[in-house]
1. Considering only segment 162-177, state which residues are under 18 Å from the mean Cα position of the chain (by Cα) and surrounded by fewer than 20 Cβ atoms within 10 Å (Cβ to Cβ).
2. Tell me, yes or no, whether segment 31-38 has at least one residue that is more than 19 Å from residue 214 (Cβ to Cβ), at pLDDT below 95 and buried (at least 16 other Cβ atoms within 10 Å of the Cβ).
3. Between 159, 118, 85, which is modelled with pLDDT of 95 or more and under 21 Å from residue 201 (Cα atoms)?
4. Anything in segment 186-220 that is under 20 Å from the mean Cα position of the chain (by Cα) and without any contact (Cβ under 8 Å) to a residue 40 or more places away in the chain? List them, or say none.
5. Quick check on segment 146-153. Is at least one of its residues surrounded by 14 or more Cβ atoms within 10 Å (Cβ to Cβ), within 17 Å of residue 78 (Cβ to Cβ) and out of contact with any helix residue (DSSP H, G or I) (no Cβ under 7 Å at 6 or more places or on another chain)?
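The values are calculated or read from the model by the stated rules, or taken from the named source; none is laboratory data. What you see is a predicted model, and the numbers here were worked out from it, not measured in a lab. Cβ placement follows ideal geometry from the backbone for every residue including glycine, while neighbour counts extend to all protein chains displayed.
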């Protein structure tokens, strides 16, 4: 866990520096004000994420789109996340649910579609720590509904979950920001009953993964 945290910290720092230098060289003006007030009330976010392990980044990939509506100091947001991942990286096999052994599922890829609604908030605390002008952070939590398709057995699972996101952005204009986002998805999904005697635990899987990626936000 410490190794992953170190990799995430290095990746985050390099991402912000590279984005900042790629767009413009600006005079550094730190703003220690905690609240961040964007001018526009509609927020559109596009994310491409990967597994945080450098050597196994392709084991879990996702694309996320979210729309946010400004509500005073918070954003009401809705999200769609499409995930493709190696089964043993996003779940632990339950043989009674999948009908397969762990060896049969090893290194196979499955798909997860996540729909979410929740609240997010922007702030500028990072400017007290990182010497880059016009940076801010965004944190959100969504309640989700998930559709999981296991590719080998072709069985479908569905169920509720939660989605947590934390991002660090560089603001380039009133219309556009870009930065790095960490996404944690957790869900418990179930397949349909094969018979009336099957309990919930017999047909359930727990989905859990973390991705890190680039997020592009547009304000209108």
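1. Within segment 162-177, 162, 164, 166 meet the criteria.
2. First, pick out the residues of segment 31-38 that are more than 19 Å from residue 214 (Cβ to Cβ): 31-38.
When the remaining residues are screened for being at pLDDT below 95, the result is 31-38.
Imposing the further condition that a residue be buried (at least 16 other Cβ atoms within 10 Å of the Cβ) reduces the set to 36, 38.
The answer is yes; a qualifying residue exists.
3. Details: 118 fails: under 21 Å from residue 201 (Cα atoms); 85 fails: under 21 Å from residue 201 (Cα atoms).
159 is the lone residue from the list that is modelled with pLDDT of 95 or more and under 21 Å from residue 201 (Cα atoms).
4. Initial filter on segment 186-220 (under 20 Å from the mean Cα position of the chain (by Cα)): 186-189, 205-219.
Scanning segment 186-220 gives 186, 188.
5. Let us first name the residues in segment 146-153 that are surrounded by 14 or more Cβ atoms within 10 Å (Cβ to Cβ), namely 146-150, 152-153.
Next, only the ones that are within 17 Å of residue 78 (Cβ to Cβ) stay: 146-147.
Those still in the list that are out of contact with any helix residue (DSSP H, G or I) (no Cβ under 7 Å at 6 or more places or on another chain) too: 146-147.
Yes, segment 146-153 contains a residue that is surrounded by 14 or more Cβ atoms within 10 Å (Cβ to Cβ), within 17 Å of residue 78 (Cβ to Cβ) and out of contact with any helix residue (DSSP H, G or I) (no Cβ under 7 Å at 6 or more places or on another chain).
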